[in-house]
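K.L.:
So that we are looking at the same thing, I have put the structure below in structure tokens.
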Amino acid sequence: MAGIGKIAAYAGTQGYMESQGVPGMLLPAVIDLEIIGSIMLVVGWKIRYAAFALAGFTILSALITICRVRSKPGYMLVSHLCTT
């Protein structure tokens, strides 16, 4: 589970998030979502809510990444999703 790895390397993960323009204070929420959401899926409790939250987190993470590299070749199709 990715959330556990983030706990083990908390300072490094927080620094990486901040270098990408994401506030490091969001790291506890990210860890909670990854750990609790994955446990909910495995146990089978409130699967739709967990899946929706994890999917939203994944889409948001992808958009942040795309906007960071939008000037590189190959990203022209999605560059309109980012504001300048």
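Computed from the coordinates by the stated procedures, all read-outs in this text should not be read as laboratory data. Computed from a predicted structure; not experimentally measured. As a convention, Cβ positions derive from the backbone with ideal geometry for all residues, glycine included, and neighbour counts pool all protein chains shown.
K.L.:
I'd like the Karplus ³J(HN,Hα) series for region 12-27: coefficients 6.51, -1.76, 1.60, θ = phi - 60°, whole numbers in Hz, and an x wherever there's a Gly or Pro.
P.N.:
Values, residue by residue: x, 5, 5, x, 5, 4, 5, 5, 8, x, 9, x, x, 5, 7, 4 Hz.
K.L.:
What is the sum of charges around Leu26, taking Lys and Arg as +1, Asp and Glu as -1, for the other residues whose C-beta is under 11 Å from the C-beta of Leu26?
P.N.:
With Lys, Arg at +1 and Asp, Glu at -1, the neighbours total -2.
K.L.:
For Ser61 and Ile35, compute 0.36 nm times the residue count separating them, minus their Cα-Cα distance, and round to one decimal in nm.
P.N.:
Length difference between fully extended and current span is 7.7 nm.
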